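Asker: Here's a structure for you.
Computed from the coordinates by the stated procedures, all read-outs in this text should not be read as laboratory data. Being a predicted model, the structure only gives us computed values, none of them experimental. Note that each Cβ is placed from the backbone with ideal geometry, even for glycine, and that neighbours are counted across all protein chains shown.
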Amino acid sequence: MMAVELNSWMLFRHAARHFRDTEIVTQLDQGRRHRYTYAQFSARSQQLMHALDRLGLGHEAPIATLGWNSYRHLECYFGVPCSGRVLHTLNPRLPLADLEFIVQDAGDQVILADPDLLSVLERIPDALGRVKHLIVLADQVPSSRLPNLVAYEDLIAAEPGFYPPPSIPEIADLGICYTSGTSGRPKGVVYSHRSTVLHALATTSGAGTGLGPQDCTLPIVPMFHVNAWGTPFAATMVGAKQVFTGRHLDAATIICLIQEEQVTHSSGVPTIWAAVADELTRQGTRLPSLRFLSAGGSRPPRSLMERYQREFGITMVQGWGMTETSPVASLTWPKHKMRDWDEARLTVEVRDQAGLPLPGIDIRIVDPSGQDVPADGESIGELLVRGPWVAASYLGGQAPQQFTADGWFRTGDVAVETPDGYFAVVDRIKDLIKSGGEWISSVDMEGRLMGMEGVAEAAIIAIPDSKWQERPLAVIAPRPGAKIRLEDVRRFLSDSGWASWQLPDRLEIVADLPKTSVGKFDKKALRERFASEAQPPPPG
């Protein structure tokens, strides 16, 4: 067989040659949209490659982006690694201390930032000492306290639109993404050209999204978070039409883009899809072009999946992954033998799982002694994973205890495997509640509570208890006008099959639940806020 290097040029060159007139669309301000084709995208990306050379940046220099989902950001996604340098996506939603650490830890030499995110950089001046160039992803430089800014359009304007492809080994570094740092400092994960190509091939397969030239994709998950789940690379590889939200993440704009651009697939976190569902109901409209929706980042409530199927006729497919898995590792597709199952059974036994591992991904679920637990749908253990797009270590050798001697990554997730081969993430190890020697899954309880009438969002955390070690506390953000009491919560869960000893002893009502930089419930913040011991349960 031919020894062809699996690098970013394989994805980039294919799109530029075979899908020259396919559109790439970006939502701008004042309702305007930017449109151009893959041919124009290709030429401009190659102009960026020349511009990076002209700046005198060395081979494998880390080049950071701080931007929303847009056509210019897509040009960076290919212009940087195709020139032999390393793409580092910065998350503007991180705490400033973490962002400062990440810029310095990665050794970023250039930062390309959207104009409205320059204020983030202005607040971390000490982190910019080693950054040689600050480039604004715009036509012109806006007013800013940052020195020596250059407009992106000025940077690439005089450069030629053809760049001779360099020889890039497939094992070379392509990009860096950092974990969200929910436990300790964020850790860097370095993706290779090979791992990125293999991830794109697997995620566009029938076991993944099945994305192809006939599709139009709208990634709502940010390009600054785990490469938008790899969608920009995958969609470019197969020549799908791409639609970007820019900084406009409100439900009405998302619905408008899906309808007017005939989007066939979109991906986002459950909180986004909950808002979109409410807006669809308010407008009394539908999304007929969609084949299905992908949801990930956290486990979507079963009630939300059922609502999309029941009210809108849209299937929501859950996916699972982590920064360390590039990130997509599994999706919840039913098997052929399940083709006659009704939707209720499919939702419970298939869609409510974390999924089937993609081809190339191996999983193990092990007990504390390292032995595999039975695949009976009940026995829990820690989820281990390995594969050609799974990290073998962190940047700088951080946290070596997360990797086993025989080549597995310890995810920190607690999971079960069903007899049909699906696995479900029960909880994070740190979020499991141990009460009187028995385990309570916060994720399962949250998913059930978000199907309760009047509940917009719900999180379950462990709080200390002198008698039982830990007890569950429910933190709920009600829908407008709803009144929710502890006895209502306990009755609802009891009617849903939860045992009395599992029911929360305390309820806290909040306007909104705090979120992490990637849209998950921030349980660390909730524990800090509600850390006092549990109160005695109500009578009966």
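Asker: Across region 1-99, what fraction of all alpha-carbon pairs, as a whole percent, falls in each successive 5 Å bin from zero upward?
Answerer: In whole percents, the pair-distance histogram is 2, 11, 18, 20, 18, 15, 9, 3, 1, 0, 0.
Asker: If you bin the C-alpha pair distances of region 8-191 every 10 Å from 0, what whole percents do you get?
Answerer: All Cα pairs, binned at 10 Å, distribute as 9, 37, 37, 16, 1 percent.
Asker: Kirkwood Rh, the chain, all Cα pairs: how many Å?
Answerer: In the chain this quantity evaluates to 24.3 Å.
Asker: For region 403-540, state the average projected area of the convex hull of the C-alpha atoms over all orientations, rounded to one decimal in nm².
Answerer: The number I arrive at for region 403-540 is 10.7 nm².
Asker: Let me ask something else about it. Taking 8 Å as the Cα distance limit and 6 or more residues as the minimum spacing, I'd like the relative contact order of the chain as a percentage.
Answerer: 10
Asker: Additional query: Peptides 215-224, 166-175: what's the order by average Cβ count within 10 Å, highest mean first?
Answerer: Ranking, from highest mean packing down: 215-224, 166-175.
Asker: I need the semi-axes of the equivalent ellipsoid of region 1-44: take the C-alpha gyration tensor, multiply each eigenvalue by 5, square-root it, list largest first in whole angstrom.
Answerer: Output for region 1-44: semi-axes of 30, 10, 7 Å.
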